[in-house]
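The values are calculated or read from the model by the stated rules, or taken from the named source; none is laboratory data. Given the structure is predicted, the values throughout are model-derived calculations rather than measurements. When we count neighbours, we look across all protein chains shown, and the Cβ atoms used for this are built from the backbone with ideal geometry, even at glycine. Heads up: the accessible areas ignore ligands, DNA and RNA and are worked out on the full protein's heavy atoms, side chains in. Shrake-Rupley method; radii C 1.70, N 1.55, O 1.52, S 1.80 Å.
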Amino acid sequence: MTDPAQRLSPVYRDMPLTIFEQMSGLARATGAINLGQGFPDDPPPPALLAALAQASAEKSHQYPPMAGLPELRRAVAGFYARSQGLDLSPEGVIITSGATEAVASAILAVVAPGDEVVLFSPAYDAYAPMVRRAGGVPVFVPLRPPHWQYDRTVIEAAISPRTRAIIVNDPLNPTGTVASADELAMLAQICIGHDLIAICDEVWENVRFDDRAHRSLLALPGMAGRAIKIGSAGKIFGATGWKVGWLIAAPAMAAVLGRAHQFLTFTTPPMLQWAVAEGLDTPGIAEACTARWAQTRTVLLEGLASEGFALLASAATWFTCIDLAASGIALDDRTFSERAVYEAGVASIPLSALWEGDDSPDGIIRLCHCKPEAMLTDAVTRLARWRDQLLA
């Protein structure tokens, strides 16, 4: 008799456990400092917790509207009007159970069997499986270190008559880099010229440093009717477990995206929606979160640099990348990450685990900096001591 598990979808049957769960599991099992999976160790802002408690006590715990509480849809539109100058209609906002669900809804609504979707390597590891499960074909375009820039010639060479969409993650996880104004304009021109829909994963839009303001692909000329913007309260407020995200598109497109969402999670807990709405409507809360992460980022960057680790430039996200070879470490990234958990007591993410296609860089690891300063200092000390032992 055939093993029933072998009859399940090969997209999931043959898929390894995500690298984030692998490394976090090792950190839990060994007691290592977890600088792998991206999440802060401190609680969300007190104002959000107070809003959550009040909503839990006073508001309904029953199904909210499928597209999201009207108050939160208005708050999302208002937040982007103030922070990014976007003129959005609340009818174009669909609230989802986290940004990953938003990505899934967008892909299911956009991609038909046989469609090709352009993805960039390295990439958040959820994109390609979702495209495949929708019946689409992911086509990978490599971004090369150290600057991870978009190359028009390479991108257009990957586009065929079957190409339906392009997924753009800006700022880019795992590298922490941001697209320039010229690169965004070029991506918009490609989408318009080839009649593509742009699925824009912009969850790190508020986690930007060094005075680098965010500009959405949705805002560029000709993109309002072909771009889907994805955001995340978990990233804006450092509350990753709340799983409150959203899709933004032209209202007619948003209505179709909502139909995909309604058969995934249907709704998101209403008390979390109320709290996020209050957080978005209250000036200063999001900015204070980013300011705190700027401080911890500086602690990690300066600590690593003082110990002689070679860092790749970044201006956004909770992440910093180390060039192992330039740091004097003769290990590939997977070996480094696996050994560092046990031997240094620090968990990291090997960048090659977020790469599909040929010629993966195999000497870059990612560390998370949105952690307590003492933890970051301890982690740097452990990594430096272990590196010195390797060199000896």
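Side notes on the structure shown:
- DSSP beta bridge pairing in segment 108-251, given as percent antiparallel to the nearest 5: 20 percent
- Choice from 299, 93, 207 with maximal GNM fluctuation in the chain (Cα, 10 Å cutoff): 299
- Direction-averaged projected area, Cα convex hull, segment 146-201: 3.9 nm², rounded to one decimal.
- Percent antiparallel among DSSP beta bridges (both partners in the chain, rounded to 5): 50 percent
- With helices as the sole contributors, the chain gives -13000 deg cm²/dmol at 222 nm; each DSSP H run of n ≥ 4 counts as -39500 (n - 2.57), and the sum is divided by every residue.
- Contact order normalised by residue count of the chain, Cα under 8 Å, 6+ apart, percent: 24 percent
- Spatial extent of segment 283-325: Rg and Dmax, with the Cα atoms as the point set, Å: 12.3, 44
- Around residue 355: net Lys/Arg minus Asp/Glu count, Cβ-Cβ under 14 Å: -4
- Here segment 108-126 and segment 183-237 have alpha carbon centers that stand 16 Å from each other.
- Mean shadow area of segment 1-66, taken as a quarter of the surface of its Cα convex hull (nm²): 9.4 nm²
- Taking chymotrypsin sites (Phe, Trp or Tyr not before Pro) as exposed when DSSP calls them loop and at most 12 other C-beta atoms lie within 10 angstrom, the chain has its longest site-free stretch at 1-262.
- A simple count of charges around residue 178, restricted to other residues whose Cβ falls under 15 Å of its Cβ and scoring Lys, Arg +1 and Asp, Glu -1, yields -3.
- In the full protein context, segment 208-342 carries 39 Å² of accessible surface per residue, based on a 1.4 Å probe and ignoring ligands, DNA and RNA.
- Spherically averaged projected area of the chain from its Cα convex hull (nm²): 20.6 nm²
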